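Below is one structure, written out as structure tokens; the observations come after it.
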Amino acid sequence: MPISPIWEIVRLASQIQSEGGDVLHLDIGAPPFRLSGLISAGLEDALRSGRTGYSPPAGIPEYLHAAAERTVARFPDGATRAGFDARSLQPRIVGSQGGTQALMAVISGVCDPGDNILLPEVAWPNYVEQALLAGVESRFYKLDEQMRPLLHSIESQIDARTRAFIINSPSNPSGAVCPPQLIRSLHELAVERQVWLIDDLAYCDFVYEGDYLTALECDWAAPENERCVLAVFSCSKSYSAPGLRLGYTVCPDPQLACDLAGLNDPLMGCLTTPLQLAMAQGLLYDDPAQRSEVLKERWLEALDLAARLGLSGPRPSGGMFKLIDISASGLRSTQFALRLLREEHVAVVPGAAFGMHPVGHGPRGLRFEVCREADRFVRVCFASDPQALAQGFLRLARLLDCLRAA
Amino acid sequence: MTASAPEPFYPAPSLSQRAQDMPRSAIRRIFENARRLQESGVDVVRLDIGDPDFDAPQRVRDGISAALAAGRTHYSPMAGIPELRSAIAAYMARRWGVDCGPAAVTCHQGATQALNAVMQLCCDSCAGVLLPEIYFPNYIQQVTLGGLRPRFYALDERFVPRLSDLESLLDANTRAILINTPSNPTGALFPEETVRALYDFAARHNLWVISDEAYCEFVFEGRYVSPLQIDWEQPAEQRRVIAIYSFSKGYACTGLRMGWTVSPREEVAGQLMLMNEPFTGSLTTPLQYGLVHAFDEDDTPRRVEALRSRWELAGRELRAAGLPFDPPEGGIFFFVDISSLRTKDGQPISSQDFCDRALNEAHVAVVPGAGFGLQPVYDSSGRPSSFIAGEHAAKGFRLCFAVPEERLKLGVERLRGFIAGL
């Protein structure tokens, strides 16, 4: 397993803090939301009524029903066209202990050791780790300058052992959102080449501009026996509930959902019962749109700050993060991030963390190379409070100017 | 009018071979069948799943509520919150005399997840792991998913490992031996000399010991000795036990899905923490704050006493029903022998048929022993093409006695009637 450069940042940040220093956290970023009272009340109810026993591996019916309701409500047109209501969608849903665990089950569920899976060259690091654990070869497809997938790069790398490709729109770390036409082409490609399209929708409730289409909706429009999208949802961002660790996967058909649920058995045993009951309330009655409105203001603020301070990088259209190009500093992203933390007390995540590509075995185990396209950037979270954001951007620009001049 | 070309048809991709190969748990199968029967209005006596009827302690539930009120719903550190790791370390020292400190403790989203992480940490794909011939079915699922090669060590008539057979199972790829005492499904408690002999065997052959301690709090007879205790008698650099614990049984929190591991050294604990990231991302935060309070009071003995009377009752009832079994010393299960049962036409009955029929005809759910003894058969490409039930496991069925006494009585009574009518 690769040691992520994130850990260096975390270690140094906690060292600075333990020495009494004040660190501005734009690395993980705490969105300004509390857990909805509906969800807390749901948990209290579950605890009071003693619902603390085992759950079925796929999840309890209350949770699966709520996830189905939410999915139909989130994508009403697609659902209507495909003839889905919550009732007919529910058997296609598998609960998971967070989006991460869902992805682990999905990757193990569709790939055998020796198969390969195509990932964005700049991506959330868990994909690579999960593929490694599953004994699956990671291949990396190119992104355009706005960090959107380049179709031909995916197409040209698919071979007989390719089982799937992952897309993530809006993306972590770039915030890039794929335009609908690109999503349609990606879906067509998956159908024609008979590979799975894993649609990581962790940030689907946070899109701030442009039209938004998911591969899941395209899949619903396809004939049932051609469907190939496994859509992974997370409750962490949408419901500001990362500590509750819940997510779910929408599968093309009920049998597949049943088979994937079987994988929860060895991976997790089952899911936490009281938290599912709590989150069911959130999925049914709490609307992520209010949080999206708040984040949209911060997004605008971040774009404005970046423009004013001359900070470049791909423009996010969703999500919670912006990449900032630091290549003019002459430093690699980890060095830059460590200096920013040491000298300016601002924590950001080095782009290198999103581009650790395995390149074969060396004498000390697996070797990794940092993808250049990732190493040019640092990731800032714009969900933090506006003052911290402004201060953080200012200090980052200051260090960048200073290094550029040197 | 020209005929248009037919639309091309592209069949959907399939699941991975390993997902298809992975055997489904016999417990889940009976569980689902029993649930369906219940939904159709039948009163089924559920002696299948090991979910004791104790509620999670009030102090744990209050702790969760307090965590919510304090807004503790954000990401947790990957190894668990420091408060919980400290509380666990104190418990390990107090309860088991293992002074491991919080640095050796890693929290996990349930002991099952912990076990999977430990298997992957100790063994690369194709590495050998030694399992008891009668075992908890998740082991074989995890082994199949991870591409490991299991071999099975024999158990005697009391379900204690036969030490003489161990050496013959080794090859150059063997990396670990799994020990589970008290055992699920047999309830056998391994005597101290057996645990020491297993430990010495592992030490001689430089194997990891994976110790599944899910039932360590539930011992009714004899003295419980854990491989972990023996390990901590050794200098740190020679230790080899990764022990897996669960809040599910001892602290009646099955649905909270929290467990922990104790590692021989801090760096092993750190590695296990890194394994949490791809598997679960992070751990549920409010539940951890609740479970910090699990150890505030020692109410485990109360649960053990409640279980003890059911354990005695189950023994009495099964004996009265003429069903042979080896009395379990711990855990929450009896493993009942049906190998000498004959139907009216003189035929033996398989554990699978017995349990299916007991459920459908007598409305009592117990789990076929065959499901606890699946052994893979590999084809020439190294794929587990089928699974065969080990003979020893296939002789019986598992019955959970952690249910209210009247249900237990009714269940055994129904089994007795069912057997009489076979």
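The values are calculated or read from the model by the stated rules, or taken from the named source; none is laboratory data. All of these numbers come straight from a predicted model, not from anything done at the bench. Methodologically, a virtual Cβ is constructed for each residue, glycine included, from the backbone with ideal geometry; neighbour enumeration extends over all protein chains shown.
Give me the residue from region B:260-284 that is surrounded by fewer than 24 Cβ atoms within 10 Å (Cβ to Cβ), under 27 Å from A:Ile107 (Cα atoms) and not hydrophobic (A, V, I, L, M, F, W, C) and, out of that set, farthest from the other protein chains (Cβ to nearest Cβ).
B:Gly270
Output the number of the condition that A:Leu47 fails; it satisfies all remaining conditions of (1) surrounded by fewer than 22 Cβ atoms within 10 Å (Cβ to Cβ); (2) modelled with pLDDT of 90 or more; (3) within 10 Å of another protein chain (Cβ to nearest Cβ).
(1)
So which of A:Asp22, A:Asp27 is in contact (Cβ under 8 Å) with a residue 12 or more places away in the chain and touching a His at 6+ places or on another chain (Cβ under 9 Å)?
Result: A:Asp22 is the single residue among A:Asp22, A:Asp27 that is in contact (Cβ under 8 Å) with a residue 12 or more places away in the chain and touching a His at 6+ places or on another chain (Cβ under 9 Å).
So B:Ala243 passes all but one of these: (1) closer than 30 Å to B:Lys409 by Cβ; (2) among the aliphatic types (A, V, I, L, M); (3) out of contact with any Phe, Trp or Tyr (no Cβ under 6 Å at 6 or more places or on another chain); (4) surrounded by 24 or more Cβ atoms within 10 Å (Cβ to Cβ). Which condition number does it fail?
Looking at each condition in turn, B:Ala243 falls short on (1).
Would you please list the contacts, defined by Cβ atoms under 8 Å and residues six or more apart or on different chains, that run from a residue in region B:21-44 that is outside the structural domain of B:Asp353 (by TED's automatic domain parsing) to a residue that is outside any helix (DSSP H, G or I)?
Pairs that qualify, where the first residue is outside the structural domain of B:Asp353 (by TED's automatic domain parsing) and the partner is outside any helix (DSSP H, G or I): there are none.
Can you name the helices (runs of 4 or more DSSP H) wholly within region B:1-69 that have at least 1 residues being more than 9 Å from chain A (Cβ to nearest Cβ) and β-branched (Val, Ile, Thr)?
The helices (runs of 4 or more DSSP H) meeting that bar are B:26-39.
Kindly establish whether A:Ala222 is within 12 Å of another protein chain (Cβ to nearest Cβ), aliphatic (A, V, I, L, M) and more than 20 Å from A:Gly319 (Cα to Cα).
Yes.
Those residues that are within 8 Å of chain B (Cβ to nearest Cβ), assigned to a loop (DSSP other than H, G, I, E, B) and closer than 22 Å to A:Val177 by Cβ, I need them from region A:225-245; list them, please.
Within region A:225-245, A:Cys228, A:Ser240 meet the criteria.
Looking at region B:341-353, can you tell me whether even one residue there is within 14 Å of chain A (Cβ to nearest Cβ), in contact with a Phe, Trp or Tyr (Cβ under 7 Å, 6 or more places away or on another chain) and modelled with pLDDT of 95 or more?
no
Give B:Asp99, B:Asp124 a once-over and let me know the one that is facing chain A (nearest Cβ under 10 Å), over 20 Å from the mean Cα position of the chain (by Cα) and of a type outside the set (Phe, Trp, Tyr).
The match here is B:Asp124.
Inside region A:310-359, can you point out the residues that are assigned to a strand (DSSP E or B) and of a type in the set (A, V, I, L, M)?
Across region A:310-359, the qualifying residues are A:Leu323, A:Ile324, A:Val346, A:Ala347, A:Val349, A:Met356, A:Val359.
With respect to A:Ala102, determine if the residue is touching a residue at least 12 places away in the same chain (Cβ under 8 Å) and buried (at least 24 other Cβ atoms within 10 Å of the Cβ).
So A:Ala102 fits the description; yes.
B:Ser86 - would you say it is polar (S, T, N, Q), away from every other protein chain (no Cβ under 13 Å) and part of a helix (DSSP H, G or I)?
Answer is yes for this residue.
Within region A:50-79, which residues are of a type in the set (S, T, N, Q) and within 11 Å of chain B (Cβ to nearest Cβ)?
Once the filter is applied, which keeps residues that are of a type in the set (S, T, N, Q) and within 11 Å of chain B (Cβ to nearest Cβ), region A:50-79 yields A:Thr52, A:Ser55.
Quick one: is B:Leu313 more than 21 Å from the chain's Cα centre (by Cα), assigned to a helix (DSSP H, G or I) and either modelled with pLDDT of 95 or more or within 14 Å of another protein chain (Cβ to nearest Cβ) (or both)?
yes
Within region A:90-145, which residues are over 21 Å from A:Ala353 (Cβ atoms), small (Gly, Ala, Ser) and assigned to a helix (DSSP H, G or I)?
Result: A:Ala102, A:Ala105, A:Ser108, A:Gly109.
Could you tell me whether any residue of region A:186-208 is away from chain B (no Cβ under 14 Å), in a helix (DSSP H, G or I) and within 21 Å of A:Val110 (Cβ to Cβ)?
Scanning region A:186-208, I find at least one residue that is away from chain B (no Cβ under 14 Å), in a helix (DSSP H, G or I) and within 21 Å of A:Val110 (Cβ to Cβ), so the answer is yes.
Which of the following residues is in contact with a His (Cβ under 8 Å, 6 or more places away or on another chain) and not acidic (Asp, Glu): A:Leu186, A:Leu182, A:Leu197?
A:Leu197
Search region B:315-336 for residues that are free of Cβ contacts under 8 Å to residues at least 60 places away in the same chain and pair each with any residue that is assigned to a strand (DSSP E or B) when their beta-carbon atoms are under 7 Å apart and the residues are at least 6 apart or on different chains.
So the pair list comes out as B:Pro324/B:Asp337.
How many residues are farther than 19 Å from A:Val106 by Cβ, touching a helix residue (DSSP H, G or I) at 6+ places or on another chain (Cβ under 8 Å) and buried (at least 24 other Cβ atoms within 10 Å of the Cβ) if we restrict to region A:151-174?
Qualifying residue count for the region: 1.
With the structure loaded, tell me whether A:Ala231 is buried (at least 23 other Cβ atoms within 10 Å of the Cβ) and closer than 23 Å to A:Val294 by Cα or whether it fails that test.
no
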